[in-house]
Amino acid sequence: MQITMTTPTNTPTRSTDNAHEGQTAADINRFWKSTKLPVCSYSRKRALADGLQKEVPTEYLRQLHEDWDMLLADRIFLTRKVIESHQIPNPPIGRDEKGRLWEILNVLEVAIGNSWENRIPFPVSFGIEINSPCVWLHAVWSTTDVDDPTPAITVQMPDED
């Protein structure tokens, strides 16, 4: 496939290798400044407002571990898919949403202690029986939001980005 472009001198050129061949950085900057394409981003604030994420209350983190700073994150968020997965109708004590959160945070603490990756997979069992299947979750290190560079962890399902 051949691409026809106009160079700064308005002379058409043909190129099969590089779509920007013959163009300067100034030409490319002019193109992007003149383009009215929207720049899209989805902030954490918007995800929280839309109900797609939920922040773990700080008091839960402090109950779990008095020195939560060891995890190098000020805040932890869960996606709605994680929160809604494996809900039990009329759960017994310890198997309600708070109990599942407690399980996630305990296993997360161990997983983080064993890894220096920015995406950490870890298994959690929400079942009552000893042989209950594990659910794999991912803890992803990032900033809290586009305008807040403080460190945060998002716990999500493996198929979420």
Subtracting the Cα-Cα distance from 0.36 nm times the residue separation, let me have the gained length for GLU55 to ASN29 in nm, one decimal. 5.4 nm
How far apart, in nm, are two points set 7 Å out from the Cα along the Cα-to-Cβ line at LYS45 and at MET157? 2.9 nm
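Mind checking the full-extension length gain between VAL146 and GLU103? Use 0.36 nm per residue of separation minus the Cα-Cα distance, one decimal, nm.
Computed gain between VAL146 and GLU103 is 12.6 nm.
Just so you know, all these numbers are worked out from the coordinates, no wet-lab data involved. In this text, all values refer to a predicted model and were calculated from it rather than measured experimentally. Every residue, glycine as well, gets a Cβ built from its backbone with ideal geometry; the counts of neighbours run over all protein chains shown.
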